[in-house]
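Presented below is the structure to which this report refers.
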Amino acid sequence: MAGGGEGGQLISCHTIEAWEEQLQKGNTSNKLIVVDFTASWCGPCRIMAPFLAELAKKLPSVTFLKVDVDELQSVAADWAVEAMPTFMFLKEGKIVDKVVGSSKEELQQTIAKHSSGSTSAT
């Protein structure tokens, strides 16, 4: 079955169930998961949001998840998120890297480093 639109998407997790379901999918697919821990009141998070959506479109081989720390406080606490934005990089259920802050370059480099199995010529 063909899905609507090309490329990947940024998936917002609004419930613990949705979050756990996405993690499960990631564990079984072996895809790199990039989790954006964000907050509606966080200025740098708002700046990063459109950039992240663009990356998600360009990199369908990577799963991009978005978690609002005020909505899912227990998830943020479990993952020891202390500053926004925090980007966690997961592979097969394990944290392989973390970027704190709104550095687009650092975010892109870290994604490139961990998604090397699925690089495409630019």
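The values are calculated or read from the model by the stated rules, or taken from the named source; none is laboratory data. Quick caveat, the model's predicted, so the values are computed rather than measured. Quick note on the areas: whole protein, heavy atoms, side chains included, nothing else; ligands and nucleic acids left out. Shrake-Rupley method; radii C 1.70, N 1.55, O 1.52, S 1.80 Å.
For this structure, a couple of remarks:
- Highest GNM mean-square fluctuation among 62, 100, 34, for the chain modelled with Cα contacts below 10 Å: 100.
- Taking the 1.4 Å solvent-accessible surface of the chain as the whole, the part contributed by carbon and sulfur is 51%.
- Residue-normalised accessible area of the chain, given per residue in Å² at a 1.4 Å probe: 57
- Value of D in µm² per second that Stokes-Einstein yields for the range 1-119, Kirkwood Rh from Cα pairs, at 37 °C (0.692 mPa s): 229
- Bridge type composition, the chain - antiparallel percent by DSSP, nearest 5: 50
- The chain: DSSP helices with Cα axial extent of at least 18 Å and average Kyte-Doolittle hydropathy no lower than -1.0: 43-58
- Cα centroid of the range 37-59 to Cα centroid of the range 91-113, whole Å: 13
- Rounded if a/c under 1.5, otherwise prolate or oblate - the range 38-82, Cα gyration tensor axes: oblate
- Cα-based shape type of the range 13-68, given that a ≥ b ≥ c are square roots of the gyration tensor eigenvalues and the cut on a/c is 1.5: oblate
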